[in-house]
Amino acid sequence: MKSARPTEVKASALDQRRDRSTATEAQRQRIIEMLRTGPKTTLDFRRAGIMQSQTRIFELRARGYDLPTVGRVTVADDEGYMHAGVAVYELLAESEADATLSLQEVL
């Protein structure tokens with residue numbers, strides 16, 4: 001009898017590659033997913049492998065997402081260095097155009 005475990009491992013490895021992709025669209029998707037849980041800083045995005053988050057935010061705004069910069073904070077990075085004026089972003093509304101495209105992909 002065949003075990004389902006190797007298939008599960010392959011799917012998991014595929015998900016990890018997709019989650020770690022540095023492709024522009026993958027980064028935009030990660031930003032949206034992160035912001036759905038609450039406000040995030042530029043440093044939060046860097047920790048998720050998004051090095052130019054301000055550019056991805058600009059692109060998402062152009063697509064119709066309501067992503068204001070809600071503040072600037074001083075935060076310590078993982079090495080203990082302090083960074084002043086780090087942007088804090090919040091997702092107020094998602095793009096209707098992107099939602100329509102996502103729904104079409106599912107159907």
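Just a few scattered comments:
- When residues in the range 40-73 are screened for being small (G, A, S) and closer than 26 Å to E96 by Cβ, 4 of them pass.
- Annotation note: Cβ proximity below 9 Å between a residue of the range 75-86 that is more than 17 Å from A48 (Cβ to Cβ) and a residue that is basic (K, R) (sequence gap 6+ or interchain) occurs for A84/R72; G85/R72.
- Residue in the range 63-74 that is at pLDDT 95 or above, surrounded by 13 or more Cβ atoms within 10 Å (Cβ to Cβ) and in a helix (DSSP H, G or I) present: no
- Residue under evaluation E105, criteria (1) at pLDDT below 95; (2) loosely packed, with under 12 Cβ neighbours inside 10 Å; (3) part of a loop (DSSP other than H, G, I, E, B), criterion not met: (3)
- Total residues in the range 52-70, condition free of Cβ contacts under 8 Å to residues at least 24 places away in the same chain and of a type outside the set (S, T, N, Q): 3
- Scope the range 23-36; condition within 18 Å of S95 (Cβ to Cβ) and in a loop (DSSP other than H, G, I, E, B); matching residues: R36
- Considering residues of the range 75-90 that are among the hydrophobic types (A, V, I, L, M, F, W, C) and exposed (fewer than 12 other Cβ atoms within 10 Å of the Cβ) only, the residue farthest from T41 (Cα to Cα): M82
The values are calculated or read from the model by the stated rules, or taken from the named source; none is laboratory data. What you see is a predicted model; the values in this text were computed from it and never measured. Neighbour counts are summed over all protein chains in view; Cβ atoms, including those assigned to glycine, are modelled from backbone coordinates with ideal geometry.
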